[in-house]
Amino acid sequence: MTNKKHTSPLAAVQELAVLTGAVAIIAAAVYFFLVPSHASVSSISGLGIVLANFVPLPLSAITMILNVVLLIIGFLTCGREFGAKTVYTSILLPLFLALLERLFPGIGSLTDSQELDVLCYILVVSVGLSILFNRNASSGGLDIVAKILNKYLHIELGRAMSLSGICVALSAALVYDKKTVVLSVLGTYFNGLVLDHFIFDHNIKRRVCIITKKEEELRRFILDDLHSGATVYESYGAYNMEKHREIITIVDKAEYQRLMNFMNREDPQAFITVYTVSDIRYQPKA
């Protein structure tokens, strides 16, 4: 018998509100910073900025057309890998752009600097994208291209995203000067770095291995105060084959600080090793 997980209406509304807010942040980053810079930084909106020089349509309409076409291609080539969240965000982004075009027609650079515009875009858009990715969603566009490349050319998703992003950045050469092209390429590279920081630093945990004389106190602290789990292993010192018990736990940044404060107070001589953990997988029994 399979247990299906049901989402409450309130949770669904909250999830929708978070996704909408994240897409609004991305749209603002595109309209207020990417558009005035004329840079084509690693996004379908960046490609739309270039195409707007050839197609007599506003950026919002071009982005909508590109996203819809990519969604159709994605469904035809990759099946149902693109969930409702991707469809929702792909359609919502150009709608937000259309709203901004109506509210702030012909807006110029807020910083009066092409370089600062690109920098501000990278910082702001990374906030919106990290919210989407940490909610297991995406803004569509190049994510769909990356999945297609991954499936048919067997290119890793991260590398496929970088490749498609660089191609979009280089498209700026069709209409803009060398400086804008270089800014587009550099912006694409740094956008990836900043996005990795927002996403992976959020998920990073620490695997802490401790050998201490205060074993029972430590075990109770992990279970009762940190409300975390732990594993106890028997180990032997290679020098004199003395038997020890090693306690291993995985904690986040805040829990790690509390754990270290506890050990400094209770047993400053404890032997502690710490490893960075970026992915944790648990397969429950059927």
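The values are calculated or read from the model by the stated rules, or taken from the named source; none is laboratory data. From a predicted model like this one, the values you see are computed outputs, not experimental measurements. All Cβ positions, even for glycine, are placed from backbone atoms using ideal geometry, and neighbour counts span all protein chains on display. Accessible surface is based on the protein model in full, side chains and every heavy atom, while ligands, DNA and RNA are left aside. Shrake-Rupley method; radii C 1.70, N 1.55, O 1.52, S 1.80 Å.
Under 7 Å by Cβ, and 6 or more places apart or on different chains, what pairs join a residue from segment 211-233 that is exposed (fewer than 14 other Cβ atoms within 10 Å of the Cβ) with one that is in a loop (DSSP other than H, G, I, E, B) and not aliphatic (A, V, I, L, M)?
LYS213/ASP267
Consider only pairs whose beta carbons are under 6 Å apart and that are at least six residues apart or on different chains; among these, list those whose first residue lies in segment 21-37 and is among the small types (Gly, Ala, Ser) and whose second residue is in a helix (DSSP H, G or I) and open to solvent by less than 20 Å² (accessible area, probe 1.4 Å).
Every condition considered, the pairs that remain are ALA22/GLY128; ALA22/LEU132; ALA27/LEU93; ALA27/LEU97; ALA29/TYR121; ALA29/VAL125; SER37/ASP117; SER37/VAL118.
Within segment 102-125, identify whether any single residue is β-branched (Val, Ile, Thr), in a loop (DSSP other than H, G, I, E, B) and under 25 Å from LYS85 (Cα atoms), and answer yes or no.
no
Within segment 90-105, restricting attention to residues that are of a type outside the set (Phe, Trp, Tyr) and open to solvent by 80 Å² or more (accessible area, probe 1.4 Å), which residue is nearest to LYS179 (Cα to Cα)?
My answer is PRO105.
Residues that are open to solvent by 20 Å² or more (accessible area, probe 1.4 Å) and either polar (S, T, N, Q) or closer than 21 Å to SER113 by Cα (or both): does segment 64-72 have at least one?
The answer is no, given that none of the residues of segment 64-72 is open to solvent by 20 Å² or more (accessible area, probe 1.4 Å) and either polar (S, T, N, Q) or closer than 21 Å to SER113 by Cα (or both).
Can you list residue pairs whose Cβ atoms sit under 6 Å apart, with the first residue in segment 256-284 being farther than 24 Å from SER235 by Cα and the second being open to solvent by 60 Å² or more (accessible area, probe 1.4 Å) and at pLDDT below 80? Count only pairs 6 or more apart in sequence or on different chains.
SER278/PHE200
Pick from segment 131-163 the residues that are among the hydroxyl-bearing types (Ser, Thr, Tyr) and in contact (Cβ under 8 Å) with a residue 40 or more places away in the chain: which of them is surrounded by the fewest Cβ atoms within 10 Å (Cβ to Cβ)?
Taking the candidates together, the pick is TYR152.
Might you check whether a residue that is touching a His at 6+ places or on another chain (Cβ under 8 Å) and assigned to a helix (DSSP H, G or I) occurs anywhere in segment 142-162?
Filtering segment 142-162 for residues touching a His at 6+ places or on another chain (Cβ under 8 Å) gives none.
Among the residues of segment 142-162, not one is touching a His at 6+ places or on another chain (Cβ under 8 Å) and assigned to a helix (DSSP H, G or I), which makes the answer no.
Somewhere in segment 217-225, is a residue modelled with pLDDT of 80 or more and within 28 Å of VAL68 (Cα to Cα)?
no
Output the number of the condition that PHE262 fails; it satisfies all remaining conditions of (1) at pLDDT 80 or above; (2) exposed (fewer than 12 other Cβ atoms within 10 Å of the Cβ); (3) not aliphatic (A, V, I, L, M).
PHE262 satisfies every listed condition except (2).
How many residues are open to solvent by 50 Å² or more (accessible area, probe 1.4 Å) and modelled with pLDDT of 90 or more if we restrict to segment 237-255?
So the answer is 1.
So SER45 ticks every box in (1) at pLDDT below 90; (2) open to solvent by 20 Å² or more (accessible area, probe 1.4 Å); (3) closer than 19 Å to ARG102 by Cβ but one. Which box is left unticked?
All conditions pass for SER45, except number (2).
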